[in-house]
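All remarks here apply to the structure that follows.
Derivation of every value follows stated rules applied to the coordinates shown; laboratory data play no part. Keep in mind that this is a model prediction, so the values were computed, not measured. No Cβ is skipped: glycine too gets one built from the backbone with ideal geometry, and neighbour counts run over all protein chains shown.
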Ligand SMILES: Cc1ncc(COP(=O)(O)O)c(C=O)c1O
């Protein structure tokens, strides 16, 4: 049986698409060579390889790191950070994820329709009118404003379910985006006391800068959150499942593990940038996760240019020597951010080559002058391993001053994903 290919645009439907599917044989070569020299693409030659094996191992590594007690809520919002919510969640369900976290009811419904049975928390609240979709699809809503309590109670009443609707409470401890204020806890308790059809199942907060050890913000947030939990208890309310740790906190702040942790980036194999940077090395040693994404394309044109020739839109690059330019069929619509214009590298035949000229929507140009025997059809690795060389998404993120999740989510819809 070949592995499944997920159509980049098929939000829910997925299956094997013969013309795109790699053969078993090619997958075997891929494992050996750490790249897909054998994948046969009958179409635009740009593709992503997502290692479900690495993602599953990462979950198990996180489990080992946090110990047996805390539950793990795998954050698979935004199409599992661009990698494919359905195949990724299925793999994580098998590997032992206890909960899933998504951003809206549509994302939750996609997982339910694909057969995910574990609890799903919709992390960013709900829009008035959306409540009934939570009930119909067994999704767990969050209260992020006091007004939400009344809306959930009303929806639960009109659904006339046998059991009470469970929800989580989000408390704003300093991120200042979503969540009720600590000063609103008494009012929340009052609203809850007036509600008979809903039940507080969990209480959480979200850290703004968990990987920053040069400032006190996370310690302050944690302390304030604990005071809020105490206040709830004083008011006779059990906070239920207490959770706060995202990837940065899971890596380096064990006091935040509580009853559940919410890893996103580290599940996919990527760390945030820690401050101070030596903290990052400590984290990598203690919690070694493996990158799960490779992004590759083939050279579709080679062109030899004399010195003084402009390349690409707005002549952002001008050759200074006799230069061999390779063109690949992948641009910013595929996930190579435009900020990488004249910046950074890709791999060809195991060597680093520079991206030159403006990244355009569908095409990118590279200087391959120094790659002996470079040929039309050669594989270019934008992220991933080629021989002994590797480019990690997190390295590129650091290079252009963004976060890994930004790059992962930029992976274009039209890029076919192969699950290995
Ligand atoms: C509420 C919440 N928890 C956890 C996460 C996971 O964050 P990370 O990818 O840093 O682990 C996110 C992602 O933004 C989030 O919004």
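Between helix 85-95 and the chain, what is the angle of the helix's C-alpha long axis to the longest principal axis, kept within 0 to 90° and rounded to the nearest 10? In the chain, helix 85-95 runs at an angle near 70 degrees to the longest axis.
What fraction, in whole percent, of alpha-carbon pairs in region 344-399 exceed 15 Å separation?
49
Entry note, the chain: relative contact order of 18 percent, from Cα contacts under 8 Å with a spacing of 6+ residues. Of 75, 50, 149, the residue with the greatest mean-square motion in the GNM of the chain, using alpha carbon springs below 10 Å, is 149. When the alpha-carbon atoms of the chain are used, the pair Rg, Dmax equals 23.8, 78 angstrom. Using just its DSSP H runs of length 4 or more, each adding -39500 (n - 2.57), the chain gives a mean residue ellipticity at 222 nm of -9000 deg cm²/dmol after division by all residues.
Can you tell me the orientation of helix 24-33 relative to the chain, as the angle in degrees between its alpha-carbon axis and the longest Cα principal axis, to the nearest 10? Roughly 80 degrees between the two axes.
Could you tell me what % of all Cα pairs in region 266-322 have separations over 14 Å? Here the long-distance tail beyond 14 Å is 72 percent of all Cα pairs in region 266-322. Among beta bridges from DSSP that stay inside the chain, the antiparallel ones total about 55%.
Relative to the longest principal axis of the Cα atoms of the chain, the long axis of helix 52-66 makes an angle of roughly 40 degrees. Please find, in a Gaussian network model of the chain (springs between Cα atoms separated by less than 10 Å), the residue of 297, 326, 215 whose mean-square fluctuation is greatest. Highest fluctuation among the options: 215. Modelled this way, with points 7 Å down the Cα-to-C-beta line, the labels at residue 146 and residue 338 are 4.4 nm from one another. Distance between the pseudo-spin-label points of residue 360 and residue 114 (7 Å out from Cα toward the beta carbon): 3.4 nm. For region 323-398, the relative contact order works out to 32 percent when only alpha carbon pairs closer than 8 Å and six or more residues apart are counted. Cβ crowding within 10 Å, taken as a proxy for footprinting-reagent exposure, orders 168, 65 from fewest neighbours to most as 65, 168. In region 275-388, Cα pairs under 8 Å separated by at least six residues give a relative contact order of 29 percent.
Per q in 0.15, 0.28 1/Å, what log10 I(q)/I(0) does a Debye calculation on the alpha-carbon atoms of region 221-263 return? For the requested q values the scattering log ratios are -0.38, -0.97. Distance distribution P(r), region 52-286, all Cα-Cα pairs, bin width 5 angstrom from 0: 1, 7, 15, 18, 19, 17, 12, 7, 3, 1, 0 percent. Under a Gaussian network description of the chain, with springs only between Cα atoms under 10 Å, the residue in 77, 157, 118 that fluctuates furthest is 157. Extension gain, residue 420 to residue 309: 0.36 nm times the residue separation minus the Cα-Cα distance gives 35.8 nm.
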